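Only one structure is covered here, and it is reproduced in the block below.
The values are calculated or read from the model by the stated rules, or taken from the named source; none is laboratory data. Every value quoted in this text rests on a predicted model; they were computed, and no experiment measured them. Accessible surface areas use protein heavy atoms only, side chains included; no ligands, DNA or RNA. Shrake-Rupley method; radii C 1.70, N 1.55, O 1.52, S 1.80 Å.
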Amino acid sequence: MIYADNAATTKMSPAAIRTMTAMMEEVWGNPSSLYGHGQKAKEALEEARETVAAVIGAQPQEIIFTSGGSEADNQAILSAAALGKKKGKMHIISTAFEHHAVLHTLEKLRKEGFDITLLDVHENGIVLPEEVAAAIREDTCLVTIMFANNEIGTIQPIREIGAVCREKKVLFHTDAVQAIGHLPVNVADDNIDMLSSSAHKFHGPKGVGFLYVRKGVPITNLIEGGAQERGKRAGTENVPGICAMATALKEISAKMEENTEYVTKLRNRLIDGLSEIPHSALNGDREKRLPGNVNFCFEGIEGESLLLLLDDKGIQASSGSACTSGSLDPSHVLLAIGRVHDVAHGSLRLSIMEENTEAEVDEIIRAVKDVVEYLRSFSPVWRDLMSGKAKFIL
Ligand SMILES: *Cc1c(COP(=O)(O)O)cnc(C)c1O
């Protein structure tokens, strides 16, 4: 099996699994308990908090552990909105190609009377800081823009956007779920007020993540209850998951430079190989993208069939976001970069990591070429394109 869907989830690292089982077997106390066994869990929890904070250049008390990226996104956005509402500021700026954890939360706020501006991400999938600046109003309470897109991998000018927000005194949140562990991130240098992350995107376990909240930025609860996480996130902490996340993050961060160099080389090989397919196009900027992200559109085919046939050949990939698979709507990300419906339907996302090899990349290229040719051989859309009845777009 060739796994090329790391943007959906990654395999846990053996070290993270070891941490997790060791915690479950040996340090299973409740970190809020005052006796020794509980305090051991508390110590492990705080050590994990220090590890995570150090990786992103934060202070430990600025980290709130959550159940993952979606929860962190919800808490950051709803908290900023509640704060804004109190001050009569009900305008939020984001982009059209955010993850649904952000977009659906904003949709909910729109129904509650918030004014939401979704900025254009242009053909290359990159937001312009000057357009963020131009969109900020007197009543803007939040700018939320993802660090790197989960479908097309494009990296946003976060530091510049953060600087704009700082200057205009508007809170800035970034969904950095695809970035943490894969790109250098420093919350201070990058002018970030709030940041979401998720362990299962960097070889940690599912169901655990964190929200960074800069000291001095008020944050409200999403979940009410006990006083865990300094009263900002109730519920007994997932100590094994949190500690395993810290192990995974420390491990991947130590190898980031090496991984980036290797994975970028594989990615470029994959892009070059797939570019040989006629009437195809890479989605998103070629350079400013995650080291392991490749996303293509192939004209005249249907993405779902492509995926199923690749699966038959042992290749695990995706047509876009795992969260929208099963729905027949084309990806909102591809529509946001201006792909028309028909073209957006024929998309393929391959997200590779350091476990992948050059031989695997070559096998993927061969397989995709074969499957695209096969699907086109009986596609009525392709027939119309070839006969001139319909016009090629790519
Ligand atoms: C995966 C992902 C999420 C959701 O994270 P979960 O931990 O699965 O809730 C949010 N945003 C982006 C960009 C993602 O890739």
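Some points to look at:
- Per residue, the accessible area of the chain comes to 43 Å², computed with a 1.4 Å probe over protein heavy atoms only.
- log10 of Debye I(q)/I(0), alpha-carbon scatterers only, for region 255-387 at 0.10, 0.17, 0.18 Å⁻¹: -0.31, -0.90, -1.00
- Within the accessible area of region 255-387 (1.4 Å probe), percent carbon and sulfur: 51
- Value at 222 nm in deg cm²/dmol, rounded to 500, when DSSP H runs of n ≥ 4 in the chain each add -39,500 (n - 2.57): -13000 deg cm²/dmol
- Apportionment of accessible area to carbon and sulfur, region 36-180, percent (1.4 Å): 50
- Greater than 32 Å apart at Cα, pairs in LYS42/LYS85; LYS42/LYS255; LYS42/LYS168; LYS369/LYS391: LYS42/LYS85; LYS42/LYS168
- Counting DSSP beta bridges with both ends in the chain, the antiparallel % (nearest 5): 55
- For the residue pairs LYS288/LYS313; LYS111/LYS201; LYS206/LYS250, the C-alpha atoms sit more than 24 angstrom apart in LYS288/LYS313; LYS111/LYS201.
- Tilt relative to the chain, helix 239-254 - C-alpha long axis, 0 to 90 degrees, to 10: 60
- Helix 14-26 and the longest principal axis of the Cα set of the chain meet at an angle near 40°.
- Applying Stokes-Einstein at 25 °C and 0.890 mPa s to the Kirkwood radius of the chain, computed over alpha-carbon pairs, gives a translational diffusion coefficient of 112 µm² s⁻¹.
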